[in-house]
Amino acid sequence: PAPLAGRIALVTGAASGIGKAIATRLAKEGACVVIADLDASKAQEAAASLGSTDVAVGIAANVTSATEIQAAIDETLLAFGGLDLVVNNAGLSLSKSLLETTEADWDLQHNVMAKGSFLVSRAAAKVLIDQQLGGDIVYISSKNSVFAGPNNIAYSATKADQAHQVRLLAAELGEHGIRVNGINPDGVVRGSGIFAGGWGAKRAAVYGVPEEKLGEYYAQRTLLKREVLPENVANAVFVLVGSDLSHTTGLHIPVDAGVAAA
Ligand code: NAD
């Protein structure tokens, strides 16, 4: 059987970019997948690209709303009869300096990523604990959760919050056989809505390179001289949730072609 046959996954923010690549990989490995994102039709379109509604469904859920998250979890249970694996991927970046960052900016970044992933993990953990079958929660955090850079204080602070949620939940949920791990990507330019939606232009300005050369710029500062693609992050998620890492929890895997190690 496929490695993830019989597993049921919920991936937030999976209508685009890294989340879509994760959902695609999980489905390819045999999991049934629920794609939750802000826009219902985009979520449904992404799900349809994975196969029929027997294997993938797309739903609208804003992760800042406990009610919408609960509805997404309920729909997952209704569609596929259970839940085994949750990926906290939904995110955005305003890419602002300290002096540019308004209170509203701070609140938005933290509501979507720190609060949003807390709400998703809480709702999912309740189901996982009740099922008594263990499970996986994966956070797509960032290299920025550990390393500082200019012009992204609210984004980086909320990524650090997510990283600590990984450790806290690994400690709290371990006795239920629930593993909680994270991924720290960096420089996923191609395919990323965050980069296309303004972050890329701002990063290019910070680094003094043309925006269309940003992928190359990121690649050149890595140890491996490779551009990181959404699929590379998806590969790491697959490794984390596969049975070969059954004794690993509270870990963050960098997917940055070595930039954090440089
Ligand atoms: P993306 O814009 O392509 O994907 C983000 C998705 O999240 C979008 O589909 C968006 O609609 C969704 N989303 C935003 N707010 C939401 C909300 N309130 N509720 C539900 N969905 C919401 O960008 P991406 O680069 O694929 O980013 C995915 C994740 O990876 C983010 O958490 C981001 O911080 C993280 N990340 C990205 C990079 C990178 O280099 N691109 C690096 C480190 C971490």
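Quick look at the numbers
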| quantity | calculated |
| --- | --- |
| Length-normalised contact order for segment 103-249 - Cα pairs under 8 Å, 6+ apart - percent | 22 |
| In degrees, nearest ten, helix 230-241 long axis to first principal axis of the chain (Cα) | 40 |
| Segments 57-69, 133-145 sorted - mean Cβ within 10 Å per residue, highest first | 133-145, 57-69 |
| Packing-based ranking, highest mean first, of 234-242, 109-117, 5-13, 214-222 given that Cβ atoms within 10 Å are counted | 5-13, 109-117, 234-242, 214-222 |
| Å³ per residue enclosed by the Cα convex hull of the chain | 118 |
| 0 to 90° range, to nearest 10: angle between helix 66-80 axis and the chain longest Cα axis | 50 |
| Within segment 17-56: Cβ-based charge dipole about Cα centre, in debye rounded to nearest 20 (Lys, Arg +1; Asp, Glu -1) | 140 |
| Test item: Cα-centred dipole of the chain, Lys/Arg +1 and Asp/Glu -1 on Cβ, debye | 620 |
| Chain lengthening between A104 and L245 when straightened (0.36 nm per residue, less Cα-Cα) | 46.8 nm |
| Amide hydrogen neighbours beyond the local backbone of I137, cut-off 5 Å, H modeled | V86, R179, V180, N181 |
| Förster-model FRET efficiency, 22 Å R0, A2 and D130, C-beta, rounded to 0.05 | 0.25 |
| Values of log10 I(q)/I(0), in the order q = 0.09, 0.19 Å⁻¹, for segment 1-113 under a Debye, Cα-only, solvent-free model | -0.25, -0.88 |
| Gyration tensor verdict on segment 98-157 (Cα atoms; rounded if a/c is under 1.5, prolate if a/b is larger than b/c, oblate otherwise) | oblate |
| Surrounding net charge for L229, when Lys and Arg each add one and Asp and Glu each subtract one, Cβ distance under 15 Å | 0 |
| Computed Rg/Rh of segment 45-104, alpha carbon atoms with Kirkwood Rh | 1.13 |
| Net charge over other residues, Cβ less than 12 angstrom from the Cβ of L77 (K, R count +1; D, E count -1) | -3 |
| Bins of 5 Å, starting at 0 and running to the largest distance - Cα pair percent for segment 122-171 | 5, 19, 24, 17, 13, 10, 7, 3, 1 |
| Overall Cα dimensions of segment 65-212 - principal axes, largest extent first, Å | 52, 29, 29 |
| The chain, relative contact order [Cα under 8 Å, separation at least 6], % | 19 |
| Environment charge at I22 (Cβ cut-off 15 Å; Lys +1, Arg +1, Asp -1, Glu -1) | -1 |
| Alpha-carbon centroids, segment 139-208 and segment 54-82: separation in whole Å | 23 |
| Nearest-ten-degree value, helix 153-173 long axis tilted from longest Cα axis of the chain | 30 |
| Cβ-based charge dipole, segment 123-262, positive-most Cα from W199, V138, H252 | W199 |
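Every read-out reported here was derived from the displayed coordinates using simple, explicitly stated rules and does not represent laboratory data. Note that the structure is predicted; figures quoted are calculated from it, not measured. Using ideal geometry, Cβ is built from the backbone for each residue, glycine included, and neighbour counts are taken over all protein chains shown.
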